[in-house]
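Below is one structure, written out as structure tokens; comments come after it.
The values are calculated or read from the model by the stated rules, or taken from the named source; none is laboratory data. Quantities reported herein were computed from a predicted structural model and do not represent experimental measurements. Every residue, glycine as well, gets a Cβ built from its backbone with ideal geometry; the counts of neighbours run over all protein chains shown.
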Amino acid sequence: MTDTHLTATTEQPAGASPGRPDGDALPAGPSAHAGPGARSPRLWSARRVPAAVVALVVFAAAGTLLYDVIAVRTGHRAGAWRTRLVEEMTTRPVDDPWLLATGVVAVLLGLWLLVLAVTPGLRRLLPLRVPQDSPELGAWLDRKSAALILRDAAMRVPGVNSARVRVGRRRIVARAEFGFRDIAAVRDDLSHALRKQCRELALAHTPRLTVRLHHHTR
């Protein structure tokens, strides 16, 4: 009983012509390979969870402080927590480790919120191309759905026994196992099938395609 492992890897733009050498590969990005039309805009995430968390924290802090201020105005003593906080802020030195750590955490949280505010999010959705005469339309495809479509295209290639496809925003990685035929022929047919399916998906950006083959016979 013997185990034979043959592997091959090829990488080029998903819209490149079959048989075109890598040195002459077409550049990635919007091109005619995705079909004529305008690019759908990126969708912006509503950021509901971060917004809700920030709102709850601000509401709790402001509500607690307002309650304590009203209590003091009505003749009650200030809360022990507020007295302790004022004391700590006035007595601790600027270079105190706890004070520095709190400042670093506050800065990191602020930067995280800024990043969320200026980035669209929804990276799982790939923008598609829409007709030029209907620029107000928009079309998007979930990356998992695109991976399933490409996997089905790979499974239709003669000789391919199993396939896994991972779709990113800039790169598509296809891993397939084949049981017969020459590895070069399977690689060419698989690359051609995936490139053709990518063109039919009409992605706004032409992703780079990486094909990895594995031959295992017993």
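Out of all the residues in region 124-132, is one or more exposed (fewer than 10 other Cβ atoms within 10 Å of the Cβ) and touching a Pro at 6+ places or on another chain (Cβ under 9 Å)? Lay out the reasoning, then the answer.
Just the residues of region 124-132 that are exposed (fewer than 10 other Cβ atoms within 10 Å of the Cβ), to begin with: 132.
Still in the list and also touching a Pro at 6+ places or on another chain (Cβ under 9 Å): 132.
Yes, region 124-132 contains a residue that is exposed (fewer than 10 other Cβ atoms within 10 Å of the Cβ) and touching a Pro at 6+ places or on another chain (Cβ under 9 Å).
Inside region 196-211, can you point out the residues that are touching a helix residue (DSSP H, G or I) at 6+ places or on another chain (Cβ under 7 Å) and either free of Cβ contacts under 8 Å to residues at least 12 places away in the same chain or closer than 19 Å to GLY138 by Cα (or both)?
Result: ARG199, LEU201, ALA202, LEU203, ALA204, THR206.
Say we look at region 72-93 and pick out the residues that are among the aliphatic types (A, V, I, L, M), surrounded by 11 or more Cβ atoms within 10 Å (Cβ to Cβ) and closer than 21 Å to VAL57 by Cα; which of these is nearest to the chain's Cα centre (by Cα)? It would help to see each step written out before you state the result.
Looking only at region 72-93, we keep the residues that are among the aliphatic types (A, V, I, L, M), and these are 72, 78, 80, 85-86, 89.
Among the residues that remain, those that are also surrounded by 11 or more Cβ atoms within 10 Å (Cβ to Cβ) are: 72, 78, 85-86.
Those still in the list that are closer than 21 Å to VAL57 by Cα too: 85-86.
Values: LEU85: 42, VAL86: 44 Å.
Among them, the one singled out is LEU85.
Out of region 170-186, which residues are more than 25 Å from ARG124 (Cα to Cα) and either assigned to a loop (DSSP other than H, G, I, E, B) or at pLDDT 90 or above (or both)? Can you show your working first?
Initial filter on region 170-186 (more than 25 Å from ARG124 (Cα to Cα)): 177-186.
Passing the criteria: GLY179, PHE180, ARG181, ASP182.
Being within 16 Å of the chain's Cα centre (by Cα), surrounded by 11 or more Cβ atoms within 10 Å (Cβ to Cβ) and among the acidic types (Asp, Glu) is the requirement here; does ASP96 meet it?
Numbers: within 16 Å of the chain's Cα centre (by Cα): no; surrounded by 11 or more Cβ atoms within 10 Å (Cβ to Cβ): yes; among the acidic types (Asp, Glu): yes.
No, not satisfied.
Select from region 79-129 the residues that are at pLDDT 85 or above and in contact with a strand residue (DSSP E or B) (Cβ under 7 Å, 6 or more places away or on another chain) and list them in ascending order.
Those that are at pLDDT 85 or above and in contact with a strand residue (DSSP E or B) (Cβ under 7 Å, 6 or more places away or on another chain): none in region 79-129.
Of all the residues that make up region 152-192, how many are surrounded by 19 or more Cβ atoms within 10 Å (Cβ to Cβ) and of a type outside the set (Val, Ile, Thr)? Spell out how you get there, then give the answer.
Let us first name the residues in region 152-192 that are surrounded by 19 or more Cβ atoms within 10 Å (Cβ to Cβ), namely 153-154, 157, 160, 163, 165, 167, 172, 174, 176, 178, 186-187, 189-191.
With of a type outside the set (Val, Ile, Thr) added as a condition, the list becomes 153-154, 163, 174, 176, 178, 187, 189-191.
Going through region 152-192 one residue at a time, the tally reaches 10.
Go through (1) within 17 Å of the chain's Cα centre (by Cα); (2) at pLDDT below 85 for GLU136 and report which single condition fails.
Here GLU136 meets the rest and fails (1).
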